[in-house]
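> Have a look at the structure that comes next, please.
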There are 2 protein chains.
Amino acid sequence: MFDPASLRYDANGLIPAIAQEADTGEVLMMAWMNAASIEKTLASGMVTYWSRSRQEFWEKGATSGHRQRLVEMRIDCDSDCLLLQVEQTGPACHTGRRSCFYTAVRDGEEVELTKPMV
Amino acid sequence: MFDPASLRYDANGLIPAIAQEADTGEVLMMAWMNAASIEKTLASGMVTYWSRSRQEFWEKGATSGHRQRLVEMRIDCDSDCLLLQVEQTGPACHTGRRSCFYTAVRDGEEVELTKPMV
């Protein structure tokens, strides 16, 4: 039986969670979860992070509709990082881009890889 | 011009870095970098993390040979997380598995997805 308490959290009770589009393998974003947000995510099937800035649950897409349906939660070898395979509705990034990782470093310069989709 | 000092580091001067196999999209691991390890990585083309447990540079695969050649570094919208597209030689995980994320949570149970490749 999986118990969220078995994971290793940082001093603030948080664990980093990487969201990856299940179909394409695209890495969408990284955010933080606590044990309660993991329980909510597993129970509802919709990804819920913990907002460090607002200090509250952050049900992804609850207001924007840009939700993440959980396909599978994975745990790393040290139990201190999560990989969330998800189905993302629309953009994952608050800038309106599919992925938050839209800036590349090429030959020492920052390059914008994608434009907002909405 | 990209300047590692422009990134947002945590209280310990660290930023999380996700390593993803460039060809397949497989997420291999997550580890931490500081500004100096980012400079080393960009200069050498071989991924160098910062080991929190040993408090020293961790040139991935320097002893094991399981190196990560950097294909491209990407930065997220908040400048507080890195995505490293890499070419991984052999396993990325210290357990001998290709990826550190070899445990899935399915129907409330932990499931081992892969066996060590070496």
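The values are calculated or read from the model by the stated rules, or taken from the named source; none is laboratory data. Everything numeric here is computed off the predicted structure, so don't read it as measured data. Methodologically, a virtual Cβ is constructed for each residue, glycine included, from the backbone with ideal geometry; neighbour enumeration extends over all protein chains shown. Protein only, heavy atoms only, side chains kept; ligands, DNA and RNA dropped before computing areas. Shrake-Rupley method; radii C 1.70, N 1.55, O 1.52, S 1.80 Å.
> Are there any pairs with C-beta distances below 8 angstrom linking a residue in segment A:92-118 that is of a type in the set (Asp, Glu) to a residue that is not in a loop (DSSP other than H, G, I, E, B), with the two at least 6 apart or on different chains, and if so which?
A:Glu110/A:Thr103; A:Glu110/A:Ala104; A:Glu110/B:Ile75; A:Glu112/A:Thr103
> Quick check on segment B:98-118: of everything there that is touching a Leu at 6+ places or on another chain (Cβ under 9 Å) and not aliphatic (A, V, I, L, M), which residue is surrounded by the fewest Cβ atoms within 10 Å (Cβ to Cβ)?
Residues of segment B:98-118 touching a Leu at 6+ places or on another chain (Cβ under 9 Å): B:98-105, B:108.
Still in the list and also not aliphatic (A, V, I, L, M): B:98-103, B:108.
Values: B:Arg98: 21, B:Ser99: 23, B:Cys100: 25, B:Phe101: 27, B:Tyr102: 19, B:Thr103: 18, B:Gly108: 9.
It comes out as B:Gly108.
> Being open to solvent by less than 20 Å² (accessible area, probe 1.4 Å) and not in a strand (DSSP E or B) is the filter here; which residues of segment A:19-36 pass it? Spell out the reasoning first.
Step one: of segment A:19-36, the residues open to solvent by less than 20 Å² (accessible area, probe 1.4 Å) are A:19-21, A:25, A:27-29, A:31, A:33.
Listed by number, the list holds a single entry, A:Gly25.
> What is the one condition in (1) more than 14 Å from every other protein chain (Cβ to nearest Cβ); (2) surrounded by 15 or more Cβ atoms within 10 Å (Cβ to Cβ); (3) out of contact with any Ser or Thr (no Cβ under 8 Å at 6 or more places or on another chain) that B:Thr63 does not satisfy?
Status for B:Thr63: all satisfied but (2).
> Restricting to segment A:1-18, count the residues that are in contact with an Asp or Glu (Cβ under 9 Å, 6 or more places away or on another chain) and open to solvent by less than 40 Å² (accessible area, probe 1.4 Å).
5
> Still on this model: I'm told B:Glu72 meets every condition in (1) exposed (fewer than 15 other Cβ atoms within 10 Å of the Cβ); (2) within 18 Å of A:Arg106 (Cβ to Cβ) except one. Can you identify the failing condition by its number?
Condition not satisfied by B:Glu72: (1).
> While we're here: Going through segment B:1-18 one residue at a time, which ones are over 15 Å from A:Ala104 (Cβ atoms), more than 10 Å from every other protein chain (Cβ to nearest Cβ) and touching a strand residue (DSSP E or B) at 6+ places or on another chain (Cβ under 8 Å)?
Matches in segment B:1-18: B:Arg8, B:Tyr9, B:Leu14, B:Ile15.
> Considering only residues that are closer than 18 Å to A:Thr24 by Cβ, among the charged types (D, E, K, R) and open to solvent by less than 70 Å² (accessible area, probe 1.4 Å), which ones fall in segment A:75-97?
Of everything in segment A:75-97, just one residue is closer than 18 Å to A:Thr24 by Cβ, among the charged types (D, E, K, R) and open to solvent by less than 70 Å² (accessible area, probe 1.4 Å), namely A:Arg97.
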